[in-house]
């Protein structure tokens, strides 16, 4: 009898101890990571981009800083043109706002925003460059960085496609030969051993310059 009481007493003690233990959270019981909920409610890139666009429209830098990196805020607040007319949607994490009622230089036609998580990390924008050489240098820099979005700030899609057909070779040394007048604009040359790259620039100081075409010559 004493052995039976001891066994029952041990079982009762175990049950009491179990009642005193804190219960596991529901997420742990279900085996669901807590991070899964956080990722599920992450905002879509378009929503983040629209928040920055609205903050810029209201000229509210503080609100912009909540949804964009400092460099992205500086970029969008330096935009020289009127507000783009419409949201053109997103392709993955890249979202665009475009002009439909005015013409601006380049192929972006407004803003291109790169979104990462809850922040806009990069804003590309149509440029207002007031000299042919500045437009050519901008496109050359984009080529050197292999950055198509940067190139579209100052050149159309067909120009960028041709320029980026061959990847920039760091071993090739280019020399800026400046810009010379030609019919309807300027030809800006970058020479290299065996040939040269010509950027044909159109525009004016008032409207801004853009690269309309590129061509190559061999020695």
Report summary line: Taking r as the C-beta separation of residue 47 and residue 83 and R0 as 22 Å, the FRET efficiency to the nearest 0.05 is 0.70
Query - Distance between the range 189-219 and the range 138-152 - C-alpha centres, whole angstrom - result: 14
Query - the range 132-218 - percent relative contact order, Cα under 8 Å, separation 6 or more - result: 28
Query raised in the report: Say each of residue 162 and residue 182 gets a label point 7 Å from the Cα, pointing the same way as Cα to Cβ; how far apart are those two points in nm?
Result: 0.9
Report summary line: Length-normalised contact order of the range 45-125, Cα under 8 Å, at least 6 apart, in percent, tallies to 33
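Given the Cα atoms of the range 45-125, and with Rh set as the inverse mean 1/r over their pairs in the Kirkwood sense, what is Rg to Rh to two decimals?
Result for the range 45-125 is an Rg/Rh of 0.92.
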**Report entry** the range 132-218: C-alpha gyration tensor shape, a/c 1.5 cut-off, then a/b vs b/c
**Finding:** oblate
Query - Förster radius 35 Å - calculated FRET efficiency between residue 192 and residue 130 (Cβ-Cβ, nearest 0.05) - result: 0.80
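Using r as the Cβ-Cβ distance of residue 216 and residue 147, and R0 as 22 Å, what FRET efficiency do you calculate, to the nearest 0.05?
0.60
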Requested in this report: Going by C-beta contacts inside 10 Å, put 217, 211, 73, 123 in order with the fewest on the left.
Outcome: 217, 73, 123, 211
Report task. Over the alpha-carbon set of the range 125-180, work out the extent along each principal axis and list the three values in angstrom, largest first. Result -> 31, 24, 16
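Just rank 138, 99, fewest to most, by other beta-carbon atoms within 10 angstrom. Each step should come with its number before you reach the end.
On the way: 138 22, 99 18.
The order, fewest Cβ neighbours first, is 99, 138.
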Query raised in the report: Could you state the per residue volume, in Å³, of the convex hull enclosing the Cα atoms of the range 166-214?
Result: 97
Requested in this report: May I ask you to sort 61, 212 by Cβ crowding, counting other Cβ atoms within 10 Å and putting the fewest first?
Outcome: 61, 212
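Between residue 116 and residue 71, what length in nm is gained on full extension when 0.36 nm per residue of separation is reduced by their alpha carbon distance?
14.8 nm
Every number in this text was worked out from the coordinates using simple rules, so none of it is lab data. Values in this document were obtained by computation on a predicted structure and should not be read as measured data. Methodologically, a virtual Cβ is constructed for each residue, glycine included, from the backbone with ideal geometry; neighbour enumeration extends over all protein chains shown.
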